[in-house]
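**Student:** Structure below; questions to follow.
The values are calculated or read from the model by the stated rules, or taken from the named source; none is laboratory data. All figures in this text were calculated on a predicted structure; none of them were measured in a lab. All Cβ positions, glycine included, derive from the backbone under ideal geometry; neighbour counts span all protein chains shown. For accessibility, only protein heavy atoms count, side chains too; no ligands or nucleic acids. Shrake-Rupley method; radii C 1.70, N 1.55, O 1.52, S 1.80 Å.
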Amino acid sequence: MKKITILLATVSLLYSCNKFDDTNVSPALLTQASTKALLTNAQQSMSNQLLGNTAASRLAALYVQHLAEGPYPASSLYSDRNLNFSGWYTGPLYDLQTIINYNNDGSSAANGNGSKNNQIAVARILKAYYFQNLTDIWGDIPYSEALKGKEAFKPKYDKQQDIYTALFKELTEAVAQINESEAAVVGDVLLNGNMAAWKRFANTLRMSMALRLSKVDAAKGKTEYAAALAAGVITSNSQNISYKFLSTDPNNYNPWYNNYNVSNRNDYAISKTLTDYMEPKADPRLPIYGEVLAGGIVKGLPYGRNAAVNIPAAYSRIGEFFKSQGSALYLFNYPQVLFMQAEAAKLGYVTGGDAEAEAKYKDAIKASWQMYGVFDQAKYDTYIALPAVAYSSADGHKKILTEKWVHMYLNSWETWSDWRRTGFPTLTAATDAVDSRGIPYRLGYPPAESTLNGDNYKAAVTNMGGTDDNYGKMWWAK
């Protein structure tokens with residue numbers, strides 16, 4: 001009887017403390033990541049998904065000929081057909097959705113990391129940023145049924161038009177949700193908890209999206225543009241938004257530095273397409289964009305040739321401004337906004353016509369030179385008077401988008417979208433392209449989608465015209 005009593009007591013103790021299945025689990029072990037850690041991780045994912053030279057993020061810089069490839073030409077010849085987007089969903093987007101869920105569920109993981117409103121608003125803005133880039137790269141994608149876990153293992157593909165409509169709504173509501181009098185978000189390595197800056201981020205993104213609609217739904221584009229502008233966009237170079245890498249942390253080095261200095265590769269040089277435009281105009285940004293070689297020259301690498309080329313000392317690699325250990329890479333900036341305002345005036349989104357477009361165009365070039373620290377009034381006056389640069393009504397749209405292309409060096413996803421939508425700047429496809437159709441309009445869906453999410457994949461392909469290749473046009477470019 002004594003043995004039975006001891007046994008029952010022991011069992012009771014084990015059950016009450018551990019319930020058997022927790023006997024090997026430390027009571028100090030975290031079961032949920034804090035929302036500040038999730039936010040940091042979601043932002044750091046920008047380095048892999050949208051910045052630098054990873055498999056996907058390098059492509060736009062090659063497509064718009066900001067860069068050319070040297071020893072291993074492939075992507076610039078349009079050999080990249082299908083790339084995986086699962087990392088976007090399982091990485092930053094999942095983290096951001098978890099921030100929203102934790103705050104709505106009252107989880108302790110959200111405590112002390114900013115007010116509920118501000119945490120949710122920032123997560124919504126970043127989700128919109130990622131989804132907007134996703135849909136602009138692939139087209140129709142899983143959206144409304146995405147990030148639901150076991151509730152939707154096979155999410156449907158939403159039409160790009162519907163995604164844009166939803167994202168406009170998300171951005172509008174998120175900006176309204178921000179409360180600057182409440183505790184700012186914690187773990188914010190992008191904007192350091194500056195809630196006013198988050199509003200500008202959202203509104204500037206919304207402005208860019210509104211211009212995407214210029215050919216497919218100008219009326220809605222005009223409405224969204226006006227609302228974004230009124231809500232407050234970036235208005236000076238002091239408000240520029242960039243991702244800041246760390247020269248003191250090998251895990252957070254600038255990705256171009258990793259390519260050149262850590263991996264000891266020399267895959268990329270500034271493209272001859274770009275240097276051929278900038279050099280004859282004595283553009284002072286050129287030695288910022290490209291490495292200065294012996295003799296004080298910046299030499300561009302011919303684009304789109306199927307020939308292995310050794311770059312060092314022969315062609316100019318990316319300039320130090322962009323590829324040192326801690327070099328920041330821009331997401332949104334003031335000159336970019338001015339170029340958008342110039343285009344909006346030219347398109348009739350705002351009043352003022354060509355006079356307003358020209359004024360904003362000139363201001364944009366000036367702000368770009370100031371942003372890169374090369375502004376000189378006399379040189380600027382000479383530059384904007386050059387026949388190839390001077391604004392005119394006949395070719396104003398082309399010149400706005402061409403000078404925007406120059407300014408947006410390495411911020412190339414936006415430039416690729418501008419080119420797909422307008423045809424500007426005028427670019428010649430790779431000479432040795434593997435596909436005669438030229439510069440791609442999109443990336444193909446991940447190969448596994450046809451197996452893992454077959455019915456929804458097939459519906460998306462049908463909606464795009466029946467072929468999952470690199471030449472289906474975005475909804476906003478049709």
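**Student:** Kindly check whether there is at least one residue in the stretch 105-117 that is part of a helix (DSSP H, G or I), open to solvent by 30 Å² or more (accessible area, probe 1.4 Å) and acidic (Asp, Glu).
**Tutor:** Among the residues of the stretch 105-117, at least one is part of a helix (DSSP H, G or I), open to solvent by 30 Å² or more (accessible area, probe 1.4 Å) and acidic (Asp, Glu), which makes the answer yes.
**Student:** Could you grab the pairs with beta carbons closer than 7 Å, sequence gap of 6+ or different chains, first residue in the stretch 153-176 and without any contact (Cβ under 8 Å) to a residue 60 or more places away in the chain, second one open to solvent by less than 10 Å² (accessible area, probe 1.4 Å) and of a type in the set (Gly, Ala, Ser)?
**Tutor:** What qualifies is Leu167/Ala128; Glu170/Ala128; Leu171/Ala128; Leu171/Ala202; Ala174/Ala121; Ala174/Ala202; Val175/Ala202.
**Student:** Which pairs have Cβ atoms under 7 Å, sit 6 or more apart or on different chains, and link a residue in the stretch 368-382 that is closer than 20 Å to Val337 by Cβ to one that is surrounded by fewer than 19 Cβ atoms within 10 Å (Cβ to Cβ) and among the aromatic types (Phe, Trp, Tyr)?
**Tutor:** Cβ pairs passing all conditions: Trp369/Phe375; Trp369/Tyr380.
**Student:** While we're looking at this one, here's another question. Give just the number: which of (1) open to solvent by less than 10 Å² (accessible area, probe 1.4 Å); (2) closer than 26 Å to Asn463 by Cα; (3) of a type in the set (Val, Ile, Thr) does Ile234 not satisfy?
**Tutor:** (2)
**Student:** Kindly establish whether Arg305 is surrounded by fewer than 20 Cβ atoms within 10 Å (Cβ to Cβ), within 12 Å of Ala68 (Cβ to Cβ) and in contact with an Asp or Glu (Cβ under 7 Å, 6 or more places away or on another chain).
**Tutor:** In short, yes.
**Student:** With the checklist (1) open to solvent by 30 Å² or more (accessible area, probe 1.4 Å); (2) farther than 19 Å from Ile365 by Cβ; (3) over 25 Å from the mean Cα position of the chain (by Cα); (4) not acidic (Asp, Glu) in hand, flag the one item Pro280 doesn't pass.
**Tutor:** Of the numbered conditions (1) open to solvent by 30 Å² or more (accessible area, probe 1.4 Å); (2) farther than 19 Å from Ile365 by Cβ; (3) over 25 Å from the mean Cα position of the chain (by Cα); (4) not acidic (Asp, Glu), the odd one out for Pro280 is (2).
**Student:** Turning to a different aspect of this structure: Do any residues in the stretch 112-130 that are within 11 Å of Ala184 (Cα to Cα) have Cβ atoms under 6 Å from those of residues that are aromatic (Phe, Trp, Tyr) and assigned to a helix (DSSP H, G or I), where the two are at least six apart or on different chains, and which pairs are they?
**Tutor:** Filtered contacts from the stretch 112-130: Val122/Trp198.
**Student:** Then there is this: If the requirement is being modelled with pLDDT of 95 or more and open to solvent by less than 30 Å² (accessible area, probe 1.4 Å), which of these qualifies: Ser412, Ser393, Ser417?
**Tutor:** Answer to the selection: Ser417.
**Student:** Additional query: Find the residue count for the stretch 423-433, including only residues that are over 22 Å from Ala385 (Cα atoms) and open to solvent by 20 Å² or more (accessible area, probe 1.4 Å).
**Tutor:** The qualifying residues number 7.
**Student:** Further question: Given Lys398, Lys458, Lys478, which one is open to solvent by 50 Å² or more (accessible area, probe 1.4 Å), at pLDDT below 95 and among the basic types (Lys, Arg)?
**Tutor:** After ruling out the rest, the residue left standing is Lys478.
**Student:** Now for a separate question. Looking at (1) in a helix (DSSP H, G or I); (2) of a type in the set (Lys, Arg); (3) under 29 Å from Pro302 (Cβ atoms), can you tell me which one Arg442 breaks?
**Tutor:** (1)
**Student:** What pairs come up if the first residue lies in the stretch 232-257 and is over 18 Å from Met46 (Cβ atoms) and in a loop (DSSP other than H, G, I, E, B), the second is at pLDDT 90 or above and hydrophobic (A, V, I, L, M, F, W, C), and their beta carbons are under 9 Å apart, counting only those six or more places apart or on different chains?
**Tutor:** From residues that are over 18 Å from Met46 (Cβ atoms) and in a loop (DSSP other than H, G, I, E, B), the pairs are Gly232/Val175; Gly232/Ala196; Val233/Met207; Val233/Phe332; Val233/Val337; Val233/Met340; Thr235/Val337; Ser236/Ala367.
**Student:** Name every residue in the stretch 400-456 that is among the aromatic types (Phe, Trp, Tyr) and in contact with a strand residue (DSSP E or B) (Cβ under 7 Å, 6 or more places away or on another chain), in order of residue number.
**Tutor:** If the condition is that a residue be among the aromatic types (Phe, Trp, Tyr) and in contact with a strand residue (DSSP E or B) (Cβ under 7 Å, 6 or more places away or on another chain), then Tyr445 is the only one that fits.
**Student:** Do the conditions hold for Gln336, that is, is it part of a loop (DSSP other than H, G, I, E, B) and either farther than 30 Å from Arg206 by Cβ or touching an Asp or Glu at 6+ places or on another chain (Cβ under 8 Å) (or both)?
**Tutor:** no
**Student:** Any chance the stretch 164-173 includes a residue that's assigned to a loop (DSSP other than H, G, I, E, B), open to solvent by less than 10 Å² (accessible area, probe 1.4 Å) and within 24 Å of Phe332 (Cα to Cα)?
**Tutor:** no
**Student:** Right, another one. Let me spell it out: the conditions are (1) free of Cβ contacts under 8 Å to residues at least 40 places away in the same chain; (2) open to solvent by less than 20 Å² (accessible area, probe 1.4 Å); (3) hydrophobic (A, V, I, L, M, F, W, C), and Ile270 meets all of them except one. Which number is the exception?
**Tutor:** Failing condition for Ile270: (1).
**Student:** Here's another thing I want to ask about it. State yes or no: is Lys222 at pLDDT below 95, open to solvent by 20 Å² or more (accessible area, probe 1.4 Å) and more than 23 Å from Gln49 (Cβ to Cβ)?
**Tutor:** no
**Student:** Right, next: Check the stretch 354-365 and report whether any residue there is farther than 21 Å from Gly290 by Cβ, outside any helix (DSSP H, G or I) and open to solvent by 30 Å² or more (accessible area, probe 1.4 Å).
**Tutor:** There is no residue in the stretch 354-365 that is farther than 21 Å from Gly290 by Cβ, outside any helix (DSSP H, G or I) and open to solvent by 30 Å² or more (accessible area, probe 1.4 Å).
**Student:** Report yes if some residue within the stretch 392-407 is of a type in the set (Val, Ile, Thr) and farther than 23 Å from Leu211 by Cα; otherwise report no.
**Tutor:** Checking the stretch 392-407: not a single residue is of a type in the set (Val, Ile, Thr) and farther than 23 Å from Leu211 by Cα.
**Student:** I need the full set of residues from the stretch 465-475 which are open to solvent by 40 Å² or more (accessible area, probe 1.4 Å) and either in a loop (DSSP other than H, G, I, E, B) or out of contact with any helix residue (DSSP H, G or I) (no Cβ under 9 Å at 6 or more places or on another chain) (or both), in order please.
**Tutor:** Result: Gly465, Gly466, Thr467, Lys473.
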